[in-house]
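Peer 1: Dropping a structure here in structure tokens format, bear with me for questions.
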Amino acid sequence: MPSVHAIKSCGVAALLTALSGTALAAQLPNRVAAGDTTQTSTVLWGRAAVPGNFTFELSTDQNFSSTLLTHNDPVVDPTLPLKLPVTGLNPGTQYYYRATDAAGNTSTGRFKTNRAAGFNGARFGVSGDWRGELAPYPGIRNAPGRDLDAFIALGDTVYADVSSPAVPAPQATTLAEFRAKHNEVYSERFGLNTLGDLRSSTSVISIIDDHEVTNDFSGGAHPASDPRFSGQPGNFINETPLFNTGIQAFEEYNPLNPERYANTGVDPRMDGKVKLGRTRTYGKDAMIATLDTRTFRDQGLPAANPLDPASVTNYLVQSFNPTRTLLGGRQLADVKSDLLNAQASGTTWKFVMVPEPIQNLGVLNASDRFEGYAAERADLLRFIDQNDIQNVVFVAADIHGTLVNNLTYQNGPGQSQISSGAWEITTGSLAYDAPFGPTVAGIAANLGVPGAIPLGVYNSLPVAQREAYIQGLINAQITPLGYDPLGLQGSGIPATLLQGGYTATNTYGWTEFDIDPLTQALTVTTYGIPYYTEADLLANPSLIAGLQPQIVSQFVVQAVPAPGAAGLLALAGFVAARRRRN
């Protein structure tokens, strides 16, 4: 039988009024979740509607005719979820679990433990960026039916610094307010609870970006560098009360084991601090490393003027300062080690999850991305290149749209571009108004970028023309700097476009990664719905809640090195079948 222990603590009863009307024998308020899963362990999660006894049950039988464990905990404060770490599980096994509170409210969930060995195929989903006022997120309603091995919540899982129905204030500041923000996005609205349904259907890996605390903060900077933290105690922003309150609520509302960095050498910004990044393996099919790009970073650079060549040049030179870090030294060393070990062990696909893009998109708003830390960016990509680490895919969120590109690096500003062999896809927001496309179109029009069109004209175009326009705007910013244009065509990445294009910037949705067990081919599918505003939602909630995700982009990438003759024949048939299906 698995060994178990519970994480138990008591908080402030901030949501009791909202919970007082909960019906008996209903679903739990936020459903249930499982996460931080390995080959032999997981963390079960649930939140009661009322005080009293709370029970977790675990079984390999979906009918719970027999159970592997039954565990009870008292609930004093229903705003504080309960977590149950479970160990001693079997690799590659489907498990079912159930949680019941003192009023009889109950929810069930399922998860698979990670496979320990072999090429079995794997399928997982990724999205980020969902705002409370735009719930209930129909763009992800199809994910629970996709039989995912895991789902990665890639940051901005709440917007603590944006007013919403749960906290109608410009910034959450108290623990009660941060908890209310998390409760809001995992609760039912207009008859749907899509994130609750998703989290109960698979294992979850969760990471922060900035909005779990506040916009564009730099955790490794001194509090005096940011007026929102100035005067708060601590030598770094990641030691301040506002940061720690936001992180406490994030850890409470996600199925994570609490971890902290230790023995990082002489880096006080990391020692004893929260360790949110995770690395997990799925047989020989995949390694997934999820990085925290927010907690340890240096202060961002002053913004460049993209229309002033001197300003651009100065910015690029500053970005190559080798003393500046985005990841923190220990985390950078760890991901390098993980990549090297995955290559040495014969793991095919290496996924690096980074909340902000690592692909070059030009200097506009670059200070919050890897481009503002170009020396460290180059160091990581150079390591991948020089160690011949193959099939590396970076997956990012944050920019609220899907952009795909191969990754090159420079050894210094103005020097030639070198191919890393890796590539990146950004996943669009689950619900952020407005998405990347109309946002960038509006910025271009306001700045008077040559060739820009009014936003109203842009919005009137067919979707394909809108995507082509956005691609043109981005390429016009990056190609003069020597960066490759968007897309994988001509990059050396063995990719075949099956549907849509290499951008999807006008929808809400999520991205699926599917590894074929025979060919090891990776199919990347982005699902989306037309984006909507809060006004659209409130004017016709049933219309918005009824939206169904559709494929807006799909491509397949062959693993390198290519499989043998039998595998190549299978791959050809696989690609042909995908095309027929679409």
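The values are calculated or read from the model by the stated rules, or taken from the named source; none is laboratory data. What you are looking at is a predicted structure, and each value in this text was computed from that prediction instead of being measured. Virtual Cβ from ideal backbone geometry, glycine too; neighbours counted across all protein chains shown. Just so you know, the surface numbers come from the protein's heavy atoms only, side chains and all, with ligands and any DNA or RNA stripped out. Shrake-Rupley method; radii C 1.70, N 1.55, O 1.52, S 1.80 Å.
Peer 1: Take the stretch 276-293 and flag every residue that is charged (D, E, K, R) and touching a Phe, Trp or Tyr at 6+ places or on another chain (Cβ under 7 Å). Give the derivation first.
Peer 2: Taking the stretch 276-293 and keeping what is charged (D, E, K, R), we get 278, 280, 284-285, 292.
Across the stretch 276-293, the qualifying residues are 284, 285.
Peer 1: OK, next. Among residues belonging to the stretch 287-311 that are of a type in the set (A, V, I, L, M, F, W, C) and open to solvent by 20 Å² or more (accessible area, probe 1.4 Å), point out the one that is farthest from the chain's Cα centre (by Cα).
Peer 2: Of everything passing the filter in the stretch 287-311, 310 is farthest from the chain's Cα centre (by Cα).
Peer 1: How about the stretch 307-331: which of its residues are more than 17 Å from residue 269 (Cα to Cα) and in a helix (DSSP H, G or I)?
Peer 2: The answer is 309, 310, 311, 312, 313, 314, 315, 316, 317, 318, 319.
Peer 1: Regarding residue 401, is this residue small (Gly, Ala, Ser), buried (at least 24 other Cβ atoms within 10 Å of the Cβ), more than 22 Å from residue 375 (Cβ to Cβ) and at pLDDT below 95?
Peer 2: Working: small (Gly, Ala, Ser): yes; buried (at least 24 other Cβ atoms within 10 Å of the Cβ): yes; more than 22 Å from residue 375 (Cβ to Cβ): yes; at pLDDT below 95: no.
The answer is no for residue 401.
Peer 1: Right, here's the next one. If you check every pair at least six apart or on different chains, which have Cβ atoms under 7 Å apart with a residue in the stretch 474-485 that is among the small types (Gly, Ala, Ser) first and a residue that is surrounded by fewer than 16 Cβ atoms within 10 Å (Cβ to Cβ) second?
Peer 2: From the stretch 474-485, the pairs are 482/417.
Peer 1: Quick one: which residue in 67, 22, 17 is crowded, with 16+ Cβ neighbours inside 10 Å, over 29 Å from the mean Cα position of the chain (by Cα) and at pLDDT below 95? Before you say what the answer is, go through the steps one by one.
Peer 2: Numbers: 67 fails: at pLDDT below 95; 17 fails: crowded, with 16+ Cβ neighbours inside 10 Å.
When all the criteria are applied, what remains is 22.
Peer 1: OK, next. Restricting to the stretch 339-376, give me the number of residues that are part of a helix (DSSP H, G or I) and not charged (D, E, K, R). Full working, then the answer.
Peer 2: Our first condition is that a residue be part of a helix (DSSP H, G or I); within the stretch 339-376, this holds for 339-345, 366-368, 370-376.
Next cut, not charged (D, E, K, R) only: 339-345, 366-367, 370, 372-375.
Selection size over the stretch 339-376: 14.
Peer 1: Test each condition in (1) within 23 Å of the chain's Cα centre (by Cα); (2) under 30 Å from residue 118 (Cα atoms) for residue 344 and report the one that comes out false.
Peer 2: (1)
Peer 1: Another one. Can you tell me which of 517, 485, 480 is modelled with pLDDT of 95 or more, over 27 Å from residue 146 (Cα atoms), open to solvent by 20 Å² or more (accessible area, probe 1.4 Å) and not in a strand (DSSP E or B)?
Peer 2: Numbers: 517 fails: over 27 Å from residue 146 (Cα atoms); 480 fails: modelled with pLDDT of 95 or more.
Result: 485 is the single residue among 517, 485, 480 that is modelled with pLDDT of 95 or more, over 27 Å from residue 146 (Cα atoms), open to solvent by 20 Å² or more (accessible area, probe 1.4 Å) and not in a strand (DSSP E or B).
Peer 1: Select, from 256, 276, the only residue that is within 22 Å of the chain's Cα centre (by Cα), farther than 30 Å from residue 559 by Cβ and open to solvent by less than 10 Å² (accessible area, probe 1.4 Å).
Peer 2: On the way: 276 fails: farther than 30 Å from residue 559 by Cβ.
So the residue among 256, 276 that is within 22 Å of the chain's Cα centre (by Cα), farther than 30 Å from residue 559 by Cβ and open to solvent by less than 10 Å² (accessible area, probe 1.4 Å) is 256.
Residue-by-condition table, conditions (1) of a type in the set (Phe, Trp, Tyr); (2) within 22 Å of residue 524 (Cβ to Cβ); (3) surrounded by fewer than 22 Cβ atoms within 10 Å (Cβ to Cβ); (4) within 21 Å of the chain's Cα centre (by Cα):
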residue	(1), (2), (3), (4)
92	no, no, yes, no
103	no, no, yes, no
108	no, no, yes, no
111	yes, no, no, yes
122	no, yes, no, yes
134	no, no, no, yes
158	no, no, no, yes
181	no, no, no, yes
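Peer 1: From 139, 128, grab the single residue that is touching a Ser or Thr at 6+ places or on another chain (Cβ under 7 Å) and on the phi < 0 side of the Ramachandran plot. Let's see the steps before the verdict.
Peer 2: Details: 139 fails: touching a Ser or Thr at 6+ places or on another chain (Cβ under 7 Å).
So the residue among 139, 128 that is touching a Ser or Thr at 6+ places or on another chain (Cβ under 7 Å) and on the phi < 0 side of the Ramachandran plot is 128.
Peer 1: Is there a residue being touching a residue at least 24 places away in the same chain (Cβ under 8 Å), under 22 Å from residue 27 (Cα atoms), surrounded by 24 or more Cβ atoms within 10 Å (Cβ to Cβ) and of a type in the set (D, E, K, R) anywhere in the stretch 212-220? It would help to see each step written out before you state the result.
Peer 2: Restricting attention to the stretch 212-220, the residues satisfying the condition of being touching a residue at least 24 places away in the same chain (Cβ under 8 Å) are 212-220.
In the following step, the residues that additionally are under 22 Å from residue 27 (Cα atoms) were identified as none.
Taking every residue of the stretch 212-220 in turn, none turns out to be touching a residue at least 24 places away in the same chain (Cβ under 8 Å), under 22 Å from residue 27 (Cα atoms), surrounded by 24 or more Cβ atoms within 10 Å (Cβ to Cβ) and of a type in the set (D, E, K, R).
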